[in-house]
Structure formats: C-alpha cells, structure tokens
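The values are calculated or read from the model by the stated rules, or taken from the named source; none is laboratory data. All of these numbers come straight from a predicted model, not from anything done at the bench. With ideal geometry, Cβ positions are generated from the backbone for all residues, glycine too; neighbour counts draw on all protein chains shown. Calculation scope for accessible area: heavy atoms of the full protein, side chains included, ligands and nucleic acids excluded. Shrake-Rupley method; radii C 1.70, N 1.55, O 1.52, S 1.80 Å.
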Amino acid sequence: MCVEGLIGDFFRLIIKNWYFSLPAALFLMFAARYVEHIAFAVIGFVIGINFVFPLLSNIEFLKSYLTNENVKVVVLVATGVLTAVVLYVLYRYLVFLAALVTVTFVAYYVINFLVSSFNLQSVQYMNWITFGLSVFIGLLAGLTAYRKEKEFARILSVVVGAAIFSVLVLFYLSGLFGVEFKPESLFANKMMIFFYVSLFLLFLFLSAWFTFRKRSYQKTSS
C-alpha cells in the first residue's frame, strides 16, 4: 500500500473513532508539557484503536466474536490500552523510532505536496527522491530526538495532536458546508489538501505556542 493510501485509511479510522480520537488530540495538543511520558501512551492508544485493532479484526478466529458490538468495543478499548502500555514502558527505546517514522511521514507529505503544487511529478526518479529525502530528514530527527527525548516528546505530541484534530475539524466543516470528504482519497483532492494543511499549521502553531510559552517565560525569569 502506498503512503498516501495508508495515511488516508488512518485518517478514516480516526474519524470513525472520533469519540476516542478527539479527547486524545486535545490532550496531545495542550497537556503534553505536563506529562511528556503520558503523551506517548496517548499516542499508543490512538495507534491501538486505529491501526492495531483493524489488523486484529481481520484475524479469522476473532471475526465471529467481533460481530457482537459490545465485545467489539471492549476489544477495541483493550487493544488501545495495551498498545498504550507498551509504548509507555518502552518510551525511552521508542523515541528514535517514533521520531524517524513520524517525521518521515510528515516530510513525505510536505514534499509530495510541493512536488504536486509545482508539477514536478514527471521528473525522473521523483518518487525515489521524495522517499529518500523524507527518510533522510526522518533519520536526522530520530538522532536529534534520541539526544533530547523530553523536548521531542512535546514536539511529537503537538504535531500528532494537531494532525488528528485537523482531520476531525475538516470532516466537520465538510459536512457543515455539504462537501463530501473522503479521507482515503484525500491526496487526490488538492483543495482538500490545502485546507487540511492550513488547519494543521494553524492548530500546530496554537498548540506549540501554548506548550512552549510558559517554559520560555520560566527560563527568562530564572
């Protein structure tokens, strides 16, 4: 599966499980400065319900149990909690990997958007160039995060929170104005990409300002 399809499917599951995704996004955006390690657990919970659970639900012997809606909700929450616990326990060991994966995805998304905007798709090996540059940026971020894990936890928190919250807001606004929004085909719609990026940058700025402003003030006062 291509990166765009994977991100689109992830966005679709975030919208489907909005009652979990919304509070998680708000926590990641505005509460990470208080409990950096918990931010990883919250990210783990979001990954658990939106990525790990769909994989488990495709296992043949589990399908019959998951036809019961109550059992499905219990398994969904349990999967999210277990994934959260794993990420919390392995926090220090996953900092590098989390930075690598997250920044690579974001870099790929931004570079791909720029390539599409400037009509550079026809350049030879552009897909490989985009992928290679994204991984390189991700590696730099991973090495930096490994050395400064506390700061990275906060940065990752506001980035992931803003990304999730932007999807939910875009979905709500699309319904409000009667525009069809399909997360799985988001990358095929340049207008939707523009609005999503705009919302993401807005919420990223607000959450980053809230998260880091007090810390800067305290350093100035001391």
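Taking every Cα-Cα distance in the range 3-213 and sorting them into 10 Å bins starting at zero, the pair-distance distribution P(r) comes out as 8, 31, 36, 20, 4, 0 percent. What translational diffusion coefficient, to the nearest whole µm²/s, does the range 69-125 have by Stokes-Einstein, given a Kirkwood radius computed over alpha-carbon pairs, a temperature of 25 °C and 0.890 mPa s viscosity? For the chosen part, D equals 168 µm²/s.
Counting only protein heavy atoms, what percent of the accessible surface of the chain is carbon or sulfur at a 1.4 Å probe? Before the final figure, lay out the partial values.
Numbers: 9370 of 13080 Å².
Using a 1.4 Å probe with all protein chains present, the chain comes out at 72 percent carbon and sulfur.
The length gained on full extension between L201 and S116, counted as 0.36 nm times the residue separation minus their Cα-Cα distance, comes to 28.7 nm. Packing around the peptides 70-78, 136-144, 151-159, taken as the average count of other Cβ atoms within 10 Å per residue, puts them in this order, highest first: 151-159, 136-144, 70-78.
For the ranges 49-58, 110-119, what's the packing order if you count other beta-carbon atoms within 10 Å of each residue, average per peptide, and put the highest first? Mind dumping the intermediate values first?
Details: 49-58: 16.8, 110-119: 13.6.
My ranking of the peptides, most packed first, is 49-58, 110-119.
Remark: the chain carries 59 Å² of accessible area per residue (probe radius 1.4 Å; ligands, DNA and RNA excluded).
Each peptide in 162-174, 11-23, 121-133 gets a packing score, the mean of other Cβ atoms within 10 Å over its residues, and the list from highest to lowest is 162-174, 11-23, 121-133.
Taking 28 Å as the cut-off for C-alpha to C-alpha distance, list the pairs among K148/K190; K16/K190; K148/K182; K16/K150 that go past it. All intermediate terms of the calculation are to be shown ahead of the outcome.
Numbers: K148/K190 36 Å; K16/K190 23 Å; K148/K182 37 Å; K16/K150 31 Å.
Exceeds cut-off: K148/K190; K148/K182; K16/K150.
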